[in-house]
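Read the structure below first, then the notes.
Nothing in this text is a laboratory measurement; each read-out follows from the coordinates by a stated rule. Keep in mind that this is a model prediction, so the values were computed, not measured. Here the Cβ is made from the backbone with ideal geometry for all residues, glycine too, and neighbour counts use every protein chain on show.
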There are 2 protein chains.
Amino acid sequence: MATLRDVAKLAGVGAGTVSRFLNESGYVSDDTKLKIQDAMVKLDYTPNELARNLYHHRTGNIAVLVPSVTFPYFARFIECVEGELYERGFKTMICSTAKQQNAEMEYLDMLKRHIVDGVITGVHTLDDDIYRKIHLPIVALDRYLGEEIPVVTSDHKDGGRKAAMVLINSGCHRVMQFRGSQKVKVASPYHERHNEFERVMKEHGILIENYNLAWNHHDSPYYKKIAYEVAPILKDYDGFFAVDEGAAYVMSECERLGMKVPDDIQIVSYDGTFITDLTEPRLTSIVQPVEQIAADAADLIVQRIQGMSFLNKKIVRPVTLKAGGSTISCSTEE
Amino acid sequence: MATLRDVAKLAGVGAGTVSRFLNESGYVSDDTKLKIQDAMVKLDYTPNELARNLYHHRTGNIAVLVPSVTFPYFARFIECVEGELYERGFKTMICSTAKQQNAEMEYLDMLKRHIVDGVITGVHTLDDDIYRKIHLPIVALDRYLGEEIPVVTSDHKDGGRKAAMVLINSGCHRVMQFRGSQKVKVASPYHERHNEFERVMKEHGILIENYNLAWNHHDSPYYKKIAYEVAPILKDYDGFFAVDEGAAYVMSECERLGMKVPDDIQIVSYDGTFITDLTEPRLTSIVQPVEQIAADAADLIVQRIQGMSFLNKKIVRPVTLKAGGSTISCSTEE
DNA sequence: TTGAAAGCGCTAACAT
DNA sequence: ATGTTAGCGCTTTCAA
């Protein structure tokens, strides 16, 4: 592989001149420009980004941490954020942390080791203290990790309320929801949808049962398993609320047991990924604006890398209702 | 940020000694070991991987190119391959090429620019010639890209035959399949499933209609749209074959039009992702061994990076049948 | 067992 | 307008 110095030598100029030509910094006469171009072609020269990066103390890489890539919401988030980062000149490194617990820690370490310039984390396993000690570019998805780390989130409280109102307006009297594990030390913003869902239900005098999900499980086999367990119990309920994949598995299990959706049980799902259109009936769902959230996350991490600092920055984006056939009414009004 | 030299100075030793200590190469006396450790802690030292990589001419990054991250098969592939690469000491860079056509080219360029050490490509858009010119570590998924580039693939021919036999044994007489675009210059191995499906059907005197998919479209909205278009036509058919997502959308559209699965129309899907368990009835499907394929791809790219070379290497893994309720019989026997 | 020195390939300040 | 030089932070001979 030819180096910049090889090019300089062949062109009969100094290394600095070639560098200036490549980066369009400083003057290079047209005459030498041609000589350099010529040499570059002859040697099939490509600049070594590794050397350039060492000088500039940057890698151009951003790590995106998620519990699972196959979980539809995260898959879509990754797709969007990768596009946004690409447009801003960064490459996306991904890490699916479900399998290896230490992976999250390792990726944070990569910040210090100059392997990545920034981290966008959608993972909620490590102790917050660890994050508080790191004063490097981190952006969190749906989680407060200390005042220095900006957060991007949907308006989950409104989402929980909307989900509840749809089921209430559809005439439900006894509902169940899959709720995120309550064992995490600090409440994540996304817990609010379940808290609010419960609150609104109780406020309307409706019986609500919470099924607590295992901690940090976002894989299909898990949802499939608990859907199988829960479906028989749902014969005594007329409303159900869960994340898209959970809702879809529960719906198919219920139908397998002979229940009709929405006649016997009505279902509202959270996220609004492509899953919700795949079933019959389609799922009525609360849609997170994932494109917007990905763009926000990309903006924040890039700004943070460029030196901007934020204090208690929190971006909250509105959710919307998507009407499907899994509920009778699709109104969220009081 | 403290550097290795800072540590050396504080410990009162030479830079080389610290380096040897860090890499456990060469001798370091216990006494100086302690002094170095002490200095490292005091300075909160972390090695700069960028500098180390410049010396070693490696980045530890591997790019994985897919048309779409949300397409369930690719999402699962990414998840698996990321895990496999992580275990082998590599980070996974992803690129979803559907949005930007030039992205594929740019990522190949990153090989030369020392941004990544290798590329695993599941994308089929660029001209083969471009690949033939690059003599750097590349591994292809489901595509022959010249004799130097190893290929990993499922036994798609057997997959096509199995799919056909299930529908035949279930009593179908008039079937349709979604088939990959025929416009690509070189046949990808995955086209074989559709060719074989058609061949077996014709061999058994069964009417087969091919619906040609648009080129390089793997997004949900596209499948949703064509499912909507095709479903009314399917009233005249009793069998259908497509990739998971296509099959699921078609099934829900058919049910919406009042058709019963499997009574009116039977469906077999290809890939066997989590999607196939999400519907009611579940989809009978041909399952690709994605975990195995990801492990193969990881093995090959790492070996290639380590200098091994392959000539016309092709790994073909067997597919299996997963029984679902979308067909009456699930036998693949003649 | 250890230190000094020469690079990995590129950039930028400083002369000229 | 251009060449020279001194690094970026680490590794690795080579001599001591």
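Annotations
- Other-copy label distances relative to residue B:27, 7 angstrom Cα-Cβ extension, nm: 5.9
- Using a cut-off of 27 Å between Cα atoms, the listed pairs A:99/B:33; A:224/B:322; A:224/A:322 include A:99/B:33 as exceeding that distance.
- Neighbours of residue B:310, meaning other residues whose beta-carbon lies under 14 angstrom from its beta-carbon, give a summed charge of -1 when Lys and Arg score +1 and Asp and Glu score -1.
- For the pair residue A:87 and residue B:42, label points projected 7 Å from Cα toward Cβ lie 5.0 nm apart.
- Considering only alpha-carbon pairs that sit under 8 angstrom and 6 or more positions apart, the relative contact order computed for chain A is 19 percent.
- Cα gyration tensor shape for the protein assembly as shown, rounded if a/c is under 1.5, else prolate or oblate: oblate
- Karplus-derived 3J(HN,Hα), 6.51/-1.76/1.60, for each residue of the range A:146-151, Hz, glycine and proline x: x, 5, 7, 9, x, 10
- For the range B:156-289, a simple Cβ point-charge model (Lys and Arg +1, Asp and Glu -1, everything else neutral) yields a dipole of about 380 debye relative to the Cα centre.
- Neighbour counts of C-beta atoms inside 10 Å place A:36, B:206 in the sequence B:206, A:36, starting with the fewest.
- Sum of -39500 (n - 2.57) over DSSP H runs of 4+, divided by residues of chain A (222 nm, nearest 500): -12500 deg cm²/dmol
- Remark: for residue pairs A:91/B:9; A:202/A:313; B:225/B:260, the C-alpha separation exceeds 29 Å in A:91/B:9; A:202/A:313.
- Residue B:61 long-range amide H proximity, modeled H, under 5 Å: B:91, B:117
- Farthest toward positive dipole pole in the protein assembly as shown [+1 Lys/Arg, -1 Asp/Glu at C-beta], among A:134, A:28, A:223: A:28
- Computed from backbone phi, the HN-Hα couplings of the range B:74-81 come to 5, 4, 5, 4, 4, 4, 5, 5 Hz, rounded to whole numbers (Karplus: 6.51 cos²θ - 1.76 cosθ + 1.60, θ = phi - 60°; Gly and Pro given as x).
- Once the Cα atoms are used to define both axes, helix B:102-112 deviates from the longest principal axis of chain B by about 40 degrees.
- For the range B:232-334, trypsin sites (Lys or Arg not before Pro) are listed when DSSP marks them as loop and at most 15 other Cβ atoms sit within 10 Å of their Cβ; the list is B:260.
- Here residue A:112 is the anchor, and the aspartates and glutamates within straight C-alpha reach of less than 14 Å, apart from those fewer than 8 places off in the same chain, are A:104, B:44, B:49.
- Set of aspartates and glutamates near residue B:235 by C-alpha distance (under 15 Å), chain-local residues within fewer than 8 positions excluded: B:209, B:253, B:255, B:263, B:264
- Prolate/oblate/rounded label for chain A (Cα gyration tensor, a/c 1.5): prolate
- Amide H contacts of residue A:266 (H built 1.01 Å from N, in plane; Pro and chain starts excluded): A:239, A:240 sit under 5 Å, all sequence-distant by 5 or more or on other chains.
- For chain A, a simple Cβ point-charge model (Lys and Arg +1, Asp and Glu -1, everything else neutral) yields a dipole of about 860 debye relative to the Cα centre.
- Per-residue Cβ neighbour rank within 10 angstrom, fewest leading, B:55, A:223, A:144: B:55, A:144, A:223
- Sequence-distant residues sharing a close amide H with residue B:319 (under 5 Å, placed H): B:155
- The range A:204-221 - phi-based ³J(HN,Hα) in whole Hz, Karplus 6.51/-1.76/1.60, Gly and Pro as x: 9, x, 9, 5, 10, 10, 9, 9, 7, 6, 5, 6, 6, 9, 10, 9, 4, x
- Among B:114, A:217, a tally of other beta-carbon atoms within 10 Å of each Cβ gives an order, fewest to most, of A:217, B:114.
- For the range A:156-289, the square roots of the Cα gyration tensor eigenvalues, ordered a ≥ b ≥ c, give a/c below 1.5, which places it in the rounded category.
- Its Cα centre serving as origin, the protein assembly as shown has a Cβ charge dipole (Lys and Arg +1, Asp and Glu -1) of approximately 1660 debye.
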